[in-house]
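Working notes, beginning with the structure itself.
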Amino acid sequence: MKRTVGMLMLVVGMVSASLGVSVIDADFTSPDYSDGDLAGQQSWAEMQLSWPKAFSVDAAAGVAATAPYAGSFNPTNGNHVYLNSSLGNAAADEWDGTVDFKLSTTPMAGVTNNDENVANIGNVHSVYDIGLTRSDTTNYLNTTQGEDIALVVRVENPGGLVVQFSGNNVIADSFSMDDAGWDPENSNAAGADFETDTIRMTWNLRKTTIDQTYKGTAVLSNLTTAAVSTFSLADADNFTTKSNLYASASVFLAMGHNASADRNGTDISPNESLVDIAIESLIVDQSSGVAAVLTAPALTAEGSDQTVELSWKGDPEATGYTVKRSSVEGGPYSTTVGTTNGTGMVDTAGLVNGQLYYYIVTASRAGSADVDSNEAIGEPNTAVTGTILDDVHFTTTEGFANNIDLAGQQGWRAAANTGPQAFMVTDADGAGYADTEPYEASFKPSLSDGDAFGNYVYLNKLMSNNVGDEWTGSTTLQLKIDPLPGQWVTNIVEGVTNIAETATIVAHQSPYAWGLTTEVDKDNALRDQAGESHDALMLIRLNSEGQIYVNFGGNFLANQQMVALTPAQAGWDPSWAVTTNAAPDFETDPMTIDWKFRKTLDAGVYYGEASVTIGGTTYANAVSGYYLSNTMEDLYPAELARFSMGHYRRAGEGGTIINVAIDALSLTKADSQPPQLAAPGTVSGEGSDTTAIISWFAGTEVSSYSVYRAYDNDGAYTQLTNGLTELTYTDTDGLVNGTTYFYKVASDYGIYGEVLSDWVPVRPLGRGAAAQWGPSGAIVTTSVNPTFAETQVPTAGGTIEFRIGNGVDGTMWTDGVGTYNMNVVPSLWGISQLFQLPGSSINPYNWQMRNSAPFDYVRLRTKDQTDAAVEVHSVLIWTETGGGVNLTGQSASFDLSLQGIALGGPVHAALRNGASDWYVSQSGITSAGPLEIPDVGSELWAPLVAATSTSTNMMTVIGASFAAAPAFNDVQAVGFFHDNGRNTHVDSFRLVVGEQPTTMQLWTDSQGIYNADAAADADPDMDGVDNIYEWGLFGDPADPASKGQAPQYAGVDATGTNILFVTPRKMNEPKPVYTVMETPYLLYGAAWTNNSGTYVETGIGPNLGGSFGEYKWVTNAIPTDIDVKFIGLNVQEP
């Protein structure tokens, strides 16, 4: 057979000195091959543990393809073949190969993009693998337990290709969807293309002279366009350790259709398209005794005081390294710093702070050609403090050059591991900007949540990072977005029809981040989430309506939102939501963000605050401090820090990139500042039987807490305890049920003193929680997924994904599930249904017990909805009471706390009477705060049929008939029900049984009067009106000038037979009891009679208006049946 090569590719470090011995040279044409299964032809055989029918040969076309055998695809081990001819496996053996192929897929039913039926690539597909397996293990290519080595061709969303080497090491990268010559998801809106051009993978596998170590290299190239992939040792390793394979005397060549080529229907990612491969040519040669071709080292340089520390990733077969230095970029490198056989060196030879030095390291080995590393720049410097950036405007007068990259100017450097060209300096001769828009084509989004891309720069100024250090600054910027082509909106303004293209913004789209990173991480993107480098960062984030948030940290949590701006406040309207505007507005007004970071005394915690000023108006949340839920594991222990900023990885999440133009930037560093003193946050109290429980939120840098008590809110407070490090205190010292006590909590800052909170009242009562879950910040130490069994239930129009707990006793969260702590809270059970349209994908990991501050919470969230209005969940979560609770004849209340929002339907209370009878409250909430049902018996309830694995209808009480409470005589479970919702965060719920506050007490509590002053017949403001009448008549018991609305005589009616007596009345419960009384005389001791049964309420009285506040006027028509009659109003407690 004649060997043909369509493109000659010389890849440094990959091509051996000799072509060696041919292992295979196949173009799959006749007469060598015939139509049918590749296995059984030319020594190809099926692999054990792998399904048959890996490749079908079409001899006329000259291809070995997987598509004809799609029905036989094995999603567990894939479908593999091996060449049944053993190969030697000596040190310095190399296997060189080329494989020419095309990838293809098919559109998926119900999946569309840009109005065309398309494929669903999903996150990643490993499609094809080729490699070596041991002679005694002819199983599928297993690079983990199987100890094989393989090169794996993977497809990443939306169609780019990479090659991995024996694990997660990407050795061929940056080969985009366009480079591959297809568009399976119609991402370019130019029509879907489901087949790549012919791609060549040129590769080399080497058994090195280092024990147990193999090396792999690969290059992808498009034989039509000549597009070529890249590789950098800085990004991944191309070496792997395989002890069993290395020890084997011989190996076999194997290849196959990888098990991840089709993940349709798997738990990882349902509803993704199968990706096939058609191999047009396969050439493999083996050579022995090949001199090592060394891989270029990946060099980095870190500067400190008159020092540059150099480190590199090298080649295991290199025996030595020589480090050289130049004072000029690009060399010549005339100064030899030193030689070593290690992978690091420190240069201190005459270095001057602030001077740039350029380094390379040369790897060498006897018999192999030397190879140079990349050039790394080192700048010795020492930590600076004080004013670092003094209102910089990026102008020529400040030394900036116009229309070139900010990186390289005035101390700014590119973060090498992120996208290039973060900001261009524009209009330097005028206002001056650092702008992302000119480099929009270079924007580098993350490929998945685990990737940390975006485009960043850092300021090449070292700063100390000690406890008490503070960084303050100011950033003036504008956000910009382009309209989406073809997205036309019509608005009629003052009779004029206007048509314009508009922009689309998606929730969590985030264009700009800034903050502190370490010297080690300065070349990486700012990140702070679990499993990532932990920096202290602030982030501009948006919702789909164009509202702008300034967040402390990368999470979109309410307790980390420092500022929230409406589109009107920000001065833009990109979606043209305000129809009275003549046109959409795609650019915000200039916004000045004033910000501060502080390294606190609390291990791992940085404090942040921010405000935004627009047009002279300053916006900030009431609470200035926000604390990251993730400790700064990398930043906090570092001795030095740098300032970094960048075009955040989610700037283009909606399909259109939001750009940032920075007009001014300031930065000041202050060392060893005293802490910001503050009282404990959100002090609250709860009374039970002769007990008061006081709770509060933690502050930063507080050494301990003290609790004080008084018998009057303005009285003398006595310290009950001090030195507390917990966030709760239980007081049982002589408390009497029904009496209100007053508590304050102090934050103790050691030598800086203490700060007292406002007082909080607590009234012990003879009651207790029959069932309670939360609140606590110690439920889990990391976010924990539930344990559940899942069933897909087909329904009309889609699928219901049914879930039910399958942990111990059917629980979803209990001891042993992650870090769930039953010493803090009881177990949780759950039943849920999630409706999905065809082709949608829901991420189950959005159902979690979230570790958060101040309280951990249950997070129930749907994601990636095809239609968010339709794809919803109905979820029932509960805890067991541990025995039936009989509410008959008892007072009972229910309360629940939402941390954040309840998107979609409301969250209701849910009680289970007996083993199966669920009831859901009419009351529900959809926003942050409490759901409070003060009297379970007075609430209206509807029955709920709990779903099963065969239910084809969603659980719901929408449209149900709510009625009086059933006989709750055996309450065995207490929880909540989220009805046809999408997202909710619940941090606590409970059922309290026993003595409850009276409605009179609840009202006096709301007025700030307590104990003896709160009695119905008391008159604390001494205005002559008792409390009960102040409540009934819309008065204020603490203000002598506000006695309420007095009853009035309104004459007689038109018949002349009735007196009109007009009285105020509270409209809604809770309210007092009103009775109109009469007496024939006013002598002392005269009896008042209730004859209200003879009166007629005729509505609003004349000239007295309608309702006021929560009150209304009621007119009573009282018969004039005697000559003299005195009328009065009696108000009593219910």
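Could you identify the single residue in Ala369, Ala363 that is surrounded by 16 or more Cβ atoms within 10 Å (Cβ to Cβ) and farther than 12 Å from Val308 by Cβ?
Ala363
Scanning for something farther than 29 Å from Ala292 by Cβ, among the β-branched types (Val, Ile, Thr) and either in contact (Cβ under 8 Å) with a residue 12 or more places away in the chain or crowded, with 20+ Cβ neighbours inside 10 Å (or both), does segment 165-182 turn up at least one residue?
Keep residues of segment 165-182 that are farther than 29 Å from Ala292 by Cβ, which gives 176-182.
Filter once more, so that each one left must be among the β-branched types (Val, Ile, Thr): none.
Within segment 165-182, not a single residue is farther than 29 Å from Ala292 by Cβ, among the β-branched types (Val, Ile, Thr) and either in contact (Cβ under 8 Å) with a residue 12 or more places away in the chain or crowded, with 20+ Cβ neighbours inside 10 Å (or both).
Please indicate, with yes or no, whether at least one residue in segment 939-949 is out of contact with any Phe, Trp or Tyr (no Cβ under 9 Å at 6 or more places or on another chain) and not charged (D, E, K, R).
No, that holds for no residue.
Limited to segment 404-434, what total is found for residues that are exposed (fewer than 15 other Cβ atoms within 10 Å of the Cβ), farther than 23 Å from Leu356 by Cβ and not aliphatic (A, V, I, L, M)?
The number of residues fulfilling the criteria is 2.
Collect the residues in segment 951-981 that are surrounded by 15 or more Cβ atoms within 10 Å (Cβ to Cβ) and of a type in the set (Gly, Ala, Ser), keeping them in residue-number order.
Within segment 951-981, Ser951, Ala965, Ala973, Gly975, Gly981 qualify.
Report whether or not Tyr743 is in contact with a Ser or Thr (Cβ under 9 Å, 6 or more places away or on another chain), surrounded by fewer than 19 Cβ atoms within 10 Å (Cβ to Cβ) and closer than 23 Å to Ala1015 by Cβ. Quick ask: steps written out before the conclusion?
Details: in contact with a Ser or Thr (Cβ under 9 Å, 6 or more places away or on another chain): yes; surrounded by fewer than 19 Cβ atoms within 10 Å (Cβ to Cβ): no; closer than 23 Å to Ala1015 by Cβ: yes.
The answer is no for Tyr743.
Looking for something under 19 Å from Ser1006 (Cβ atoms), of a type in the set (Lys, Arg) and part of a strand (DSSP E or B) - is there at least one such residue anywhere in segment 1063-1071?
Within segment 1063-1071 (the criterion being under 19 Å from Ser1006 (Cβ atoms), of a type in the set (Lys, Arg) and part of a strand (DSSP E or B)), the answer is yes, since at least one residue qualifies.
Please return the ranges of strands (runs of 3 or more DSSP E) entirely within segment 686-746 where 2 or more residues are touching a residue at least 40 places away in the same chain (Cβ under 8 Å).
691-697, 704-710
Restricting the search to segment 1030-1055, which residues are touching a residue at least 24 places away in the same chain (Cβ under 8 Å) and over 52 Å from the mean Cα position of the chain (by Cα)?
Within segment 1030-1055, the subset touching a residue at least 24 places away in the same chain (Cβ under 8 Å) is 1031-1034, 1036-1038, 1045, 1047-1053.
Passing the criteria: Gln1045, Pro1047, Gln1048, Tyr1049, Ala1050, Gly1051, Val1052, Asp1053.
I need a count of the residues in segment 37-76 that are assigned to a strand (DSSP E or B) and either more than 23 Å from Ser104 (Cβ to Cβ) or among the small types (Gly, Ala, Ser) (or both). Don't jump to the end; show me each part of the working.
Within segment 37-76, the first condition is being assigned to a strand (DSSP E or B), and the residues that meet it are 37, 44-46, 48, 56-58, 63-65.
Those left that are additionally either more than 23 Å from Ser104 (Cβ to Cβ) or among the small types (Gly, Ala, Ser) (or both): 45-46, 48, 56, 64-65.
Summing the residues that are assigned to a strand (DSSP E or B) and either more than 23 Å from Ser104 (Cβ to Cβ) or among the small types (Gly, Ala, Ser) (or both) in segment 37-76 gives 6.
Between Thr617, Thr592, which is surrounded by fewer than 22 Cβ atoms within 10 Å (Cβ to Cβ), modelled with pLDDT of 95 or more and over 24 Å from Gln509 (Cα atoms)?
After applying the criteria, what remains is Thr617.
Given the structure, is Gly900 of a type outside the set (A, V, I, L, M, F, W, C), assigned to a strand (DSSP E or B) and within 24 Å of the chain's Cα centre (by Cα)?
Spelling it out, Gly900 is indeed of a type outside the set (A, V, I, L, M, F, W, C), assigned to a strand (DSSP E or B) and within 24 Å of the chain's Cα centre (by Cα).
Got at least one residue in segment 663-675 being of a type in the set (Lys, Arg), surrounded by 15 or more Cβ atoms within 10 Å (Cβ to Cβ) and under 32 Å from the mean Cα position of the chain (by Cα)?
Looking only at segment 663-675, we keep the residues that are of a type in the set (Lys, Arg), and these are 669.
In the following step, the residues that additionally are surrounded by 15 or more Cβ atoms within 10 Å (Cβ to Cβ) were identified as 669.
With the extra rule that they be under 32 Å from the mean Cα position of the chain (by Cα), the set shrinks to 669.
Yes, there is a match, as at least one residue in segment 663-675 is of a type in the set (Lys, Arg), surrounded by 15 or more Cβ atoms within 10 Å (Cβ to Cβ) and under 32 Å from the mean Cα position of the chain (by Cα).
Kindly evaluate Thr952 against the criterion of being among the hydroxyl-bearing types (Ser, Thr, Tyr) and either in contact with a His (Cβ under 6 Å, 6 or more places away or on another chain) or within 19 Å of Val762 (Cα to Cα) (or both).
Taking the combined requirement at face value, the residue does not satisfy it.
Taking Leu87 as the residue in question, decide whether it is within 17 Å of Ala278 (Cα to Cα) and hydrophobic (A, V, I, L, M, F, W, C).
For Leu87, the condition - within 17 Å of Ala278 (Cα to Cα) and hydrophobic (A, V, I, L, M, F, W, C) - is not met.
From the list Gly734, Gly768, Gly774, Gly715, which one is surrounded by 16 or more Cβ atoms within 10 Å (Cβ to Cβ) and not polar (S, T, N, Q)?
Answer to the selection: Gly774.
Scan Ser510, Ser474 and give me the residue that is in a strand (DSSP E or B) and in contact (Cβ under 8 Å) with a residue 40 or more places away in the chain.
Ser474
Is there a residue being in contact with a strand residue (DSSP E or B) (Cβ under 8 Å, 6 or more places away or on another chain), within 24 Å of Pro997 (Cα to Cα) and in the same structural domain as Lys1112 (by TED's automatic domain parsing) anywhere in segment 1054-1066? I'd like the intermediate steps shown before the answer.
Looking only at segment 1054-1066, we keep the residues that are in contact with a strand residue (DSSP E or B) (Cβ under 8 Å, 6 or more places away or on another chain), and these are 1057-1066.
After this cut, where a residue has to be within 24 Å of Pro997 (Cα to Cα) as well, the list is 1065-1066.
This time we only want the ones that are in the same structural domain as Lys1112 (by TED's automatic domain parsing), so: 1065-1066.
Yes, the conditions are met somewhere in segment 1054-1066.
Among the residues of segment 178-209, count how many are modelled with pLDDT of 95 or more, among the hydrophobic types (A, V, I, L, M, F, W, C) and outside any strand (DSSP E or B).
Of the residues in that region, 3 qualify.
For segment 970-1016, which residues satisfy the criterion of being assigned to a loop (DSSP other than H, G, I, E, B) and either out of contact with any strand residue (DSSP E or B) (no Cβ under 7 Å at 6 or more places or on another chain) or at pLDDT 95 or above (or both)? Break it down into steps so the answer makes sense when it comes.
Pass one, segment 970-1016, residues assigned to a loop (DSSP other than H, G, I, E, B): 970, 995-998, 1008-1010, 1015-1016.
Answer for segment 970-1016, where residues must be assigned to a loop (DSSP other than H, G, I, E, B) and either out of contact with any strand residue (DSSP E or B) (no Cβ under 7 Å at 6 or more places or on another chain) or at pLDDT 95 or above (or both): Asp970, Pro997, Thr998, Gly1008, Ile1009, Tyr1010, Ala1015, Ala1016.
Could you list, in sequence order, all residues of segment 22-36 that are part of a strand (DSSP E or B) and in contact with a Ser or Thr (Cβ under 8 Å, 6 or more places away or on another chain)?
Val23, Ala26, Gly36
Taking Leu1033, is it surrounded by fewer than 20 Cβ atoms within 10 Å (Cβ to Cβ) and closer than 30 Å to Glu1097 by Cα?
Against the criterion (surrounded by fewer than 20 Cβ atoms within 10 Å (Cβ to Cβ) and closer than 30 Å to Glu1097 by Cα), Leu1033 does not qualify.
I'd like to know if segment 1074-1096 contains one or more residues that are under 56 Å from the mean Cα position of the chain (by Cα), modelled with pLDDT of 90 or more and either not in a helix (DSSP H, G or I) or not aromatic (Phe, Trp, Tyr) (or both).
Yes: segment 1074-1096 contains one or more residues that are under 56 Å from the mean Cα position of the chain (by Cα), modelled with pLDDT of 90 or more and either not in a helix (DSSP H, G or I) or not aromatic (Phe, Trp, Tyr) (or both).
Just name the residue that is nearest to Phe976 (Cα to Cα) out of those in segment 938-950 that are of a type outside the set (Phe, Trp, Tyr) and buried (at least 18 other Cβ atoms within 10 Å of the Cβ).
Leu944
When the residues of segment 146-161 are narrowed to those that are among the charged types (D, E, K, R) and not in a strand (DSSP E or B), which ends up surrounded by the fewest Cβ atoms within 10 Å (Cβ to Cβ)?
Just the residues of segment 146-161 that are among the charged types (D, E, K, R), to begin with: 147-148, 154, 156.
With not in a strand (DSSP E or B) added as a condition, the list becomes 147-148.
Working: Glu147: 19, Asp148: 24.
Selected residue: Glu147.
Among the residues of segment 760-783, is there at least one that is over 30 Å from Ala910 (Cβ atoms) and assigned to a strand (DSSP E or B)?
yes
Looking only at segment 563-580, filter to residues that are surrounded by 15 or more Cβ atoms within 10 Å (Cβ to Cβ) and touching a residue at least 60 places away in the same chain (Cβ under 8 Å); which one of those is farthest from Glu639 (Cα to Cα)?
My answer is Trp576.
The values are calculated or read from the model by the stated rules, or taken from the named source; none is laboratory data. The structure presented is a predicted model; accordingly, all values stated were derived computationally and were not measured. Note: ideal-geometry Cβ built from the backbone for every residue, glycine included; neighbour counts use all protein chains shown.
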